[in-house]
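So the structure is just underneath, and the comments pick up after that.
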Amino acid sequence: MTVRDEILSANESYASDFDKGALPMPPGRRFAVVTCMDARIDPAKALGLEEGDAHVIRNAGGLVTDDAVRSLVISHWLLGTQEAFVIGHADCGMLTFTNDVLHEKLAGEAHADADGVDFLPFPDLEASVRASVRRIRESPLLPESFGVSGFVYDVTCGRLNEVAA
Ligand SMILES: [Zn+2]
């Protein structure tokens, strides 16, 4: 069985006893989370979230980018979320490369010129979380009442540790 087949089969079985088809669109817990795409993080399990509870915004690094702000603005103003967690994590892949390294890899292996692309790697995890929290706090598109906290998730024990502002 290929991974594709395994995943489609898992979905068949998920859908066969699916009973959450009547949930409203706005997140019931009025909560959003921005976190890394890292395969070791399961936000639903780690944060006790069920379908319908929260918006989960993910990208490489769990960064509050322009696109993450776009999602949060929609999340808050159109769908009623009041608070967000920004969650970085120990052993993040974004700590392991620089733009130069990835630019060279793309040039060498794909003959692609990505020199103008910032892949947003970072050398300091907590500083990155703090900067992302600040971007939400300082966004003119989100109100001061919108709560935001920063955390580092420990992939070795599953625990969140709050990052002081
Ligand atoms: Zn990561």
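The values are calculated or read from the model by the stated rules, or taken from the named source; none is laboratory data. No experiment lies behind these values; they were computed from the predicted model shown. Don't worry about glycine lacking a Cβ; one is built from the backbone with ideal geometry, like all the others, and counts go over all protein chains shown.
Summary table below
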{"quantity": "Number of the condition not met by residue 64 [criteria: (1) within 16 Å of the ligand (Cβ to nearest atom); (2) touching a Phe, Trp or Tyr at 6+ places or on another chain (Cβ under 8 Å); (3) among the β-branched types (Val, Ile, Thr); (4) in a loop (DSSP other than H, G, I, E, B)]", "calculated": "(2)"}
{"quantity": "So residue 105, is it over 24 Å from the mean Cα position of the chain (by Cα) and of a type in the set (Lys, Arg)", "calculated": "yes"}
{"quantity": "Close pairs from segment 108-126: first without any contact (Cβ under 8 Å) to a residue 12 or more places away in the chain, partner of a type in the set (Gly, Ala, Ser), Cβ under 9 Å, at least 6 apart", "calculated": "113/107"}
{"quantity": "Pairs where the first residue, in segment 72-92, is closer than 21 Å to residue 153 by Cα and part of a loop (DSSP other than H, G, I, E, B) and the second is within 16 Å of the ligand (Cβ to nearest atom) and aromatic (Phe, Trp, Tyr), C-beta under 8 Å, 6+ apart", "calculated": "90/153"}
{"quantity": "Residue that is at pLDDT 95 or above, closer than 19 Å to residue 56 by Cα and within 17 Å of the chain's Cα centre (by Cα), where the choices are 146, 151, 122", "calculated": "151"}
{"quantity": "Total residues in segment 41-60, condition surrounded by fewer than 16 Cβ atoms within 10 Å (Cβ to Cβ) and either within 16 Å of the ligand (Cβ to nearest atom) or assigned to a loop (DSSP other than H, G, I, E, B) (or both)", "calculated": "6"}
{"quantity": "Failed item, numbered, when residue 123 is tested on (1) away from the ligand (no atom under 15 Å from the Cβ); (2) outside any strand (DSSP E or B)", "calculated": "(1)"}
{"quantity": "Index of the failed condition, residue 125 passing every other in (1) touching a strand residue (DSSP E or B) at 6+ places or on another chain (Cβ under 6 Å); (2) under 30 Å from residue 21 (Cβ atoms)", "calculated": "(2)"}
{"quantity": "Tabulated pairs, segment 1-30, first farther than 28 Å from residue 74 by Cα, second in a loop (DSSP other than H, G, I, E, B), C-beta under 9 angstrom, 6+ apart or interchain", "calculated": "9/1"}
{"quantity": "Among residues of segment 104-136, those that are exposed (fewer than 13 other Cβ atoms within 10 Å of the Cβ) and under 25 Å from residue 35 (Cβ atoms), counted", "calculated": "5"}
{"quantity": "Residue match in segment 156-164 (condition: modelled with pLDDT under 95, among the aliphatic types (A, V, I, L, M) and either closer than 16 Å to residue 36 by Cα or not in a helix (DSSP H, G or I) (or both))", "calculated": "yes"}
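Conditions (1) modelled with pLDDT of 95 or more; (2) within 12 Å of the chain's Cα centre (by Cα); (3) more than 16 Å from the ligand (Cβ to nearest atom), marked per residue:
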site	(1), (2), (3)
32	yes, yes, yes
38	yes, yes, no
78	yes, no, yes
114	yes, no, yes
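Residue-by-condition table, conditions (1) within 18 Å of residue 145 (Cα to Cα); (2) not polar (S, T, N, Q):
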| residue | (1), (2) |
| --- | --- |
| 6 | no, yes |
| 24 | no, yes |
| 38 | no, yes |
| 47 | no, yes |
| 56 | no, yes |
| 59 | no, no |
| 72 | yes, yes |
| 84 | yes, yes |
